[in-house]
Amino acid sequence: MNERGMLVDPRFDAFFKLEQIDDYKYDGADTSPSTSNGLPETSNGGRLICDVCGDVAFGKHYGINACNGCKGFFRRSVWSRRQYSCRFGGDCPVVKEHRNVCRSCRLKKCFEVGMNPDSVQNERDRNAKNGGMGGPMSSPTQSSLCKELTISNGQIKRKRLRPETVEKTTQTDGKLEINDDFDFENMQQNPTPPGLLPLKIERISTPPSDLPVPMDFSIHSAVLDIEQKVFYNCPVAVDNSINATKTPITLPFEVVFRQPHLVCNRYPMRFSNTRVLTPEDLIDGWRRHFTYYSDWCHAMDEFKALSPEDQIVLAKKKIILHGWLVHAYYSYKSGCNGICFANGAAHLPEGGHPSITEFYKECMPRYLNYVIYPMHNFQMDDAEMVLIKCIMFFSSESGLSAAGRQIVSAAREKYLSALYNYGRANKCTTSAQATLRIAKFMIMLSAITSLTHLMNEGVHVTSLFNIIEFDELIQATHKTTPPQHSPPAPMG
Amino acid sequence: MIVDSISSSTASTSSSSPTRGTPIRKSLQCAVCGDVALGKHYGVNACNGCKGFFRRSIWKNRTYACRHGGKCLVAKEQRNACRSCRLTRCLDVGMNPRAVQGDTVEDPEWDEEAMPETLSISTQTDALKVKKKSHTSLFTLDIKKEQIIDNLRAIYARTDPEEFWKLTYPGTYDFRYAFHNTKVVSPRTPLTPTAERIATLNDVVADFRRAFVLFVDILKSIDQLRDVQEDDKMKIAKSRFAAFYWWLCSTWSAKAGCNGVCYSNGSYHPASISDMPKSEGKHGVRIDYSGVSQKSLENLVEPLRRMELSDEERIVGAVMVILADPVPNVSTKTEKILAEARDFYLELLGYCIKLPEEQQGIRVSTMVLLLASIMELVHLTTDNIQLSDVLHVIDLGDWSQELRDHRYRRQF
């Protein structure tokens, strides 16, 4: 099975994420010593832990092991004699990723772990050029500072740049660390293999995302799982349905959609180019797709939530669109430059069976240029295909009941959001690129809609002139859906 | 870093002023946090802290998430506690993101302060300058986008003098002549999609012609298409008019709130046959053979109504509809030009949507997804018109015969 090759994707993703790490490191952000040293969970040889927040400490400050962030915070608080009040009950956790949230609890914890306010040098050191280092000052410098204070605010502003720069650096380091660890906490909830966890941390921290990661992960993996289960549900081992194409199917869509085995056995689907497509192959492939489509619909939660009447309306309207999308995708994946069917037969742009060539005359150029080529251009993958399929399936609400419309509308928004976030997280580096990518996938659905109408006309003309003997089920399915207020067509 | 230092230093100066007895201008208060404001910044009175915070957030296109329900208090003493609520409040009080730009006033101080500093500080300064430059080019691009949107607005508002409205041009014209001399098709009467009365046959024909003139004006305004050769230009016009017309009618129907297809002359075609007056019933049935009105209402008008498009989205969306779907049988060069124009207008459409990144992306996608519904309506309408032609229900004019033949051959 060519589809087995999908197993290669996880390794490719791993390499992709490795590249993202490099991008993160060189994106111009300051790399603090803590970040570059990773995220130590325990202290090892020479590695000290801040007693206040658990960050990496660089020695004793004010009597305890303290990181640069807490050291500076404590010093500024003592200098300013600030009084903080907690808005959340006075028991906020003071850990590396949250320490900026509540200064009251942070300062309280500084005192609790033993920081000595008397060790903080007096405020005059703050105005020195090397105030951050606590070096000595000479009288002429002090005299100069006094003179500056009396001139203007601008002068004071300029003179304070150097010590503020030092403090700002500390602040920036803190922010970077907060960003990383905040994402780390979210990632803890992911069902991700342990080996991939560090990669995920680095990837998601640039840029931050509003959407919780677990939700995005579950949506596209869930629909991908459904696709694989339906695709590989093959109780019949041998393809013996080709002879069945001689038996026309006269049962209406509503009946066989519930019992798709009446249309075709579930033999293994092999979208490949092993032989030239004949009219019998076309009919057989059409039927195998019918069974596959019915199974897929019945596996979708949103579809099961619809009323039986709405289910038939929606399924009948979308079956040809679904057929074009999956045949195009699996043809693209198999490397065939034409249309591959589930029974291993294919029709190529040049040559082929005369009846098939006539049948696909109008569709083939449009199919290649507007569906296959974009798939190549964007390197569409399995997850994107199944999400696009869901969006296409739930794209319109015409003919449904009021309850059905709500279900379909909510499903469409859900899968659009999932596709955007999947592209944003895995394929594109900017939001604009992700928007453009998903917009072009939607344009592809418009081309598929056009192909559907062209094919409907093709089936009509082909049957009229007996070029290919389509049975009643195929002809009925390819008729344009009559408007709701028209009298229903007689059945059977 | 230098900019941050300046902002921080100034804030420190402000906060320490009371201790030294320096007088404070009490008349100005920061609209965001209540601190002392030193003037207007980005459209409101803002302190240096909130000014800098807002500028940094816009520059870096940051999005924050509040962990306390989005209701944190933003006051001078607590404004650092939650950046999400602070940024939200900045936008609520009216800070204008588009006013954020490179600060040229700071340049002299940067140069002066960078000179005696160490090498690392110099590197930092260079990085800041590079950032400022790239941001300036983004600003220029925004100006161009605004000009394009204004130009499109002017096209919709353009009208011919009233004495031209009743002139008619009898005779036979081909499509190419009509494209370059739209006066023979229709005068530019005001567009008033108010859906006040039920459409007559004359209303339908008049709107068809008026929409074609608008379509030609818009097509000529697309810069990227100037280099397209004449034959391909005609193919584009014939292929894309139907889709454009559907977008136009549907956006008008959504805005007017009528239950059918809305036209530019104040009339509309009801979706339900029972709403048609008896005198028009016979023709109405034939005009809407495939139930297209009902389909357009369900698949296009209602989604558009729920989205509540802005005027900008409506007019840029029309260009997006013209350019989005491929045009069959044009040259390779033209295909490339169309692809570039499509990318540009998709980006412009995103620019019109003032929402966070993800919502913007999804909204653009939802609008583009409607193209599939438009494509279906174009196919069904082609059947409609073909049947009308056979029955000689409507006389659409000789100039549109090529347009209709193009549709009958499904060249769209």
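The values are calculated or read from the model by the stated rules, or taken from the named source; none is laboratory data. As the structure is a computational prediction, the values presented were derived from the model and not from experiment. Note that each Cβ is placed from the backbone with ideal geometry, even for glycine, and that neighbours are counted across all protein chains shown. To get the accessible areas, we keep the full protein, side chains included, count just its heavy atoms, and leave off ligands, DNA and RNA. Shrake-Rupley method; radii C 1.70, N 1.55, O 1.52, S 1.80 Å.
With point charges of +1 on the Cβ of Lys and Arg and -1 on the Cβ of Asp and Glu, referenced to the Cα centre of the stretch A:217-479, which listed residue (A:269, A:292, A:425) lies farthest in the positive direction of the dipole?
A:425
Give the whole-number value, in cubic angstrom per residue, of the convex hull volume spanned by the C-alpha atoms of the stretch A:66-114. Mind dumping the intermediate values first?
Working: hull volume 3.6 nm³, N = 49.
Given the Cα convex hull of the stretch A:66-114, per-residue volume reads 73 Å³.
Quickly rank A:361-371, A:251-261 as a protection proxy: mean count of other C-beta atoms within 10 Å, highest first.
Details: A:361-371: 17.5, A:251-261: 15.7.
Highest-to-lowest ranking by the protection proxy: A:361-371, A:251-261.
When Cβ neighbours within 10 Å are restricted to other protein chains, what is their mean count per residue of peptide A:384-392?
Working: counts 0, 0, 0, 0, 0, 0, 0, 4, 2.
For this peptide, the per-residue mean of nearby foreign Cβ atoms is 1.
Using θ = phi - 60° and the Karplus relation 6.51 cos²θ - 1.76 cosθ + 1.60, list the HN-Hα couplings for the stretch B:332-343 in order, rounded to whole Hz, with x at every Gly or Pro.
Listing the rounded values in order: 4, 4, 5, 4, 5, 4, 4, 5, 5, 5, 4, 4 Hz.
Work out the FRET efficiency for residue B:176 and residue B:332 from their Cβ-Cβ distance, taking R0 = 25 Å, and round it to the nearest 0.05. The partial results should precede the final answer.
Working: r = 23 Å, r/R0 = 0.91.
Between residue B:176 and residue B:332 the formula returns 0.65.
What distance in nm lies between label points placed 7 Å from Cα along the C-beta direction at residue A:95 and residue B:166?
Distance between label points: 8.2 nm.
Nothing charged except the Cβ atoms of Lys and Arg (+1) and of Asp and Glu (-1): what's the magnitude of the dipole of the stretch A:48-121 about its Cα centre? Round to the nearest 20 debye.
Numbers: 13 positive and 6 negative charges, 64 e Å.
Dipole about the Cα centre, nearest 20: 300 debye.
Specify, per residue and in Å³, the volume enclosed by the convex hull of the alpha carbon atoms belonging to the stretch A:217-479. Intermediate values should be presented prior to the final figure.
Working: hull volume 31.3 nm³, N = 263.
Once divided by residue count, the hull of the stretch A:217-479 is 119 Å³.
Cα-Cα over 32 Å: which of A:440/B:60; A:361/A:440; B:40/B:354; B:166/B:255; A:318/B:235? Could the numbers behind the result be given before it?
On the way: A:440/B:60 27 Å; A:361/A:440 25 Å; B:40/B:354 23 Å; B:166/B:255 28 Å; A:318/B:235 30 Å.
As for pairs spanning more than 32 Å Cα to Cα, there are none.
For the stretch A:217-479, with every protein chain kept in place, what is the accessible area per residue (1.4 Å probe, Å²)?
On the way: 9610 Å² over 263 residues.
That works out to 37 Å² per residue.
Just to be sure I understand: if you take the accessible area of chain A alone plus chain B alone and subtract the pair, with a 1.4 Å probe, what total do you get in Å², rounded to 100?
On the way: alone 25850 and 21860 Å², together 41980 Å².
By this definition, chains A and B bury close to 5700 Å².
For residue B:41, which sequence-distant residues (separation of 5 or more, or a different chain) have an amide H within less than 5 Å of its own amide H, given hydrogens modelled in the peptide plane?
B:46
Please report the carbon-and-sulfur percent of the accessible area for the stretch B:164-246; probe 1.4 Å, protein heavy atoms only, DNA, RNA and ligands left out.
Exposed carbon and sulfur together represent 52 percent of the surface.
Roughly to the nearest percent, how much of the accessible area of the stretch B:302-365 is carbon and sulfur, given a 1.4 Å probe?
Details: 1220 of 2450 Å².
Carbon and sulfur: 50 percent of the exposed surface of the stretch B:302-365.
Using θ = phi - 60° and the Karplus relation 6.51 cos²θ - 1.76 cosθ + 1.60, list the HN-Hα couplings for the stretch A:268-283 in order, rounded to whole Hz, with x at every Gly or Pro.
So the J values, rounded to whole Hz, are x, 8, 10, 7, 7, 10, 9, 7, 6, 6, 10, x, 5, 4, 4, 5.
For the stretch B:168-228, what is the accessible area per residue in Å², given a 1.4 Å probe and the full set of protein chains? Write out the running numbers ahead of the final one.
Values: 2780 Å² over 61 residues.
Roughly 46 Å² per residue, with all protein chains present.
Set the Förster distance to 25 Å, then compute FRET efficiency between residue A:467 and residue B:405 from the Cβ-Cβ distance, nearest 0.05.
Working: r = 25 Å, r/R0 = 1.01.
Calculated value: 0.50.
Please compute, for peptide A:407-414, the average count of beta-carbon atoms on other protein chains lying within 10 Å of each residue's beta-carbon. Let's see the in-between values first.
Values: counts 0, 0, 3, 0, 0, 4, 2, 0.
For this peptide, the per-residue mean of nearby foreign Cβ atoms is 1.
Run the dipole for the stretch A:217-479 about the Cα centre, Lys and Arg Cβ at +1, Asp and Glu Cβ at -1, nothing else charged, and hand back the magnitude in debye, nearest 20. Can you show the working numbers first?
Numbers: 24 positive and 24 negative charges, 109 e Å.
Around 520 debye, computed over the stretch A:217-479.
Highest mean first, what order results for B:83-95, A:433-445 on Cβ atoms within 10 Å?
Numbers: B:83-95: 18.5, A:433-445: 22.9.
Going by the mean number of other Cβ atoms within 10 Å, highest first, we get A:433-445, B:83-95.
Taking every residue in A:97-103, how many Cβ atoms of other protein chains lie within 10 Å of its Cβ, on average?
On the way: counts 0, 1, 0, 3, 5, 2, 4.
Counting Cβ atoms of other protein chains within 10 Å of each residue's Cβ and averaging gives 2.
When only DSSP loop residues count, what trypsin sites (Lys or Arg not before Pro) in the stretch B:322-354 have their Cβ near at most 15 other Cβ atoms within 10 Å?
Working: sites: B:333, B:336, B:342, B:354; in loops: B:354.
Passing sites in the stretch B:322-354 are B:354.
Which order, highest average first, do A:332-339, B:235-242, B:155-162, B:258-265 follow once you tally other Cβ atoms within 10 Å for each residue and take the mean per peptide?
Working: A:332-339: 18.4, B:235-242: 21.8, B:155-162: 12.5, B:258-265: 23.8.
Those peptides, ordered most packed to least, come out B:258-265, B:235-242, A:332-339, B:155-162.
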